[in-house]
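Taking it in order: structure first as structure tokens, then the write-up.
Any read-out appearing in this document is the output of simple, stated calculations on the displayed coordinates, not a laboratory observation. Since the structure is predicted, the reported quantities are computational estimates derived from the model, not experimental observations. For neighbour counting, all protein chains shown are included, and Cβ atoms are generated from backbone atoms with ideal geometry for every residue, glycine included.
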Amino acid sequence: MAFLVPAKLTRVVAVALPLSLCGVAAAPIVATPESGPADFSRAALDRRAPIVAERSYTLKAGVRLLLFWVRRDHVGSGRLTWRASGEAHRVLEFLVGSDPERAPRHINRWGFIAEEVHSSDADLLGIMSKSDEESVDDAKSKTAADRDSSSHSYRGIRTTIRQGVASGGVFRFLSTKPLTYRDLDTLLGTIQTDVDAPGTVRVPSGTRPGFLFAVEDLIVSTLDECRAGLRSQPPALPYVYNNTFYTLRLRDCDFEPRRDVGERTYSDVIRAQLETRNTATGNRTSFRLEYGAAGDLRAVPLRIVFRPKWWFEAELLLDEQGGTGAPRR
């Protein structure tokens with residue numbers, strides 16, 4: 001897979017630094033309209049869709065102070081997970097978060113997306129910490145307020161797609177302590193995900209069931225074009241997130257036989273600029289990806305860079321010590 005960040009998910013990381021993550025069961029366990037939304041706890045996912053590949057990332061963050069940027073390495077972590085059980089049952093997960101002990105201004109922000117597809121049905125979950133800061137000073141004051149508070153608010157998004165209809169919405173939950181991305185596995189087994197005001201929308205044919213699957217489809221389908229030199233812009237791919245329709249477009253890409261990414265040198269690397277667009281509001285969010293074009297790293301992100309707020313930039317770099325397997329597509 002390739003992955004990453006719809007406008008809301010970028011805030012999740014802006015968030016830190018907005019927006020899903022092994023054994024095999026005898027038969028796949030599939031959520032149906034009667035059984036309700038899927039259980040996304042790690043134990044439940046392990047039972048119905050084993051991990052086939054997983055990659056870890058280190059997080060580098062930068063904040064803008066007046067006219068210059070201050071950057072810090074190793075301020076958090078990311079994780080991409082690919083799961084599968086049979087040809088038509090796949091799960092993509094993305095987790096990213098800052099470490100408040102290392103992040104600039106002790107920012108504690110994180111986000112998680114999981115997307116599960118089985119034939120024409122899908123279940124999606126997104127969880128994020130609050131991220132409405134408008135400046136570095138604002139982030140600093142809110143971080144201090146969070147530490148002193150006895151109640152910490154979080155929000156999530158649940159969506160199920162059944163027979164071409166997406167239903168779901170936003171849910172909220174409280175914690176008596178600040179949660180970090182390291183608390184995710186415990187959290188998934190305990191939170192209630194009943195949405196505040198459920199809504200439904202019909203999903204047109206060809207719409208990808210979530211952001212992660214849209215990114216994967218786009219970069220896999222354009223690998224050959226990017227290697228040969230992109231001559232024309234490929235069509236945008238539609239996807240649905242929180243009952244809202246977006247498009248994902250490849251704005252530009254180029255191929256390098258050898259490229260330094262962080263402190264490592266890789267062969268066969270594609271650099272790409274992608275953009276999401278909210279079809280209702282027209283709002284656009286761009287981000288950069290560098291990913292492999294061959295072998296076990298084919299379409300696997302090596303570097304992800306996004307700037308969800310004018311004063312904040314996040315960069316994820318592949319940690320080759322924390323990865324296993326090759327994604328199945």
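Full extension of the chain between S151 and R64 gives 28.4 nm of extra length, using 0.36 nm per residue less the Cα-Cα distance. Taking 0.36 nm per residue of separation and subtracting the Cα-Cα distance, full extension of the segment from D254 to Q321 would add 21.4 nm.
Would you please name the GluC sites (Glu not before Pro) within the range 240-329 that are DSSP coil residues with at most 12 other C-beta atoms within 10 Å of their C-beta?
For GluC sites (Glu not before Pro) across the range 240-329 that sit outside H, G, I, E and B with at most 12 neighbouring Cβ atoms in 10 Å, the list reads E263.
What translational diffusion coefficient, to the nearest whole µm²/s, does the range 144-250 have by Stokes-Einstein, given a Kirkwood radius computed over alpha-carbon pairs, a temperature of 4 °C and 1.567 mPa s viscosity?
Roughly 78 µm²/s, to the nearest whole number.
Modelled spin labels at L174 and R328, positioned 7 Å past Cα toward Cβ, are 4.4 nm from each other.
Exposure proxy ranking for V75, V305, based on other Cβ atoms within 10 angstrom of each Cβ and starting from the fewest, stands as V305, V75. Spatial offset of the range 272-329 relative to the range 216-264 amounts to 10 Å, using the alpha carbon center of each. Once both labels are positioned 7 Å from their Cα atoms along Cα-to-Cβ, the gap between D296 and S205 label points is 4.0 nm.
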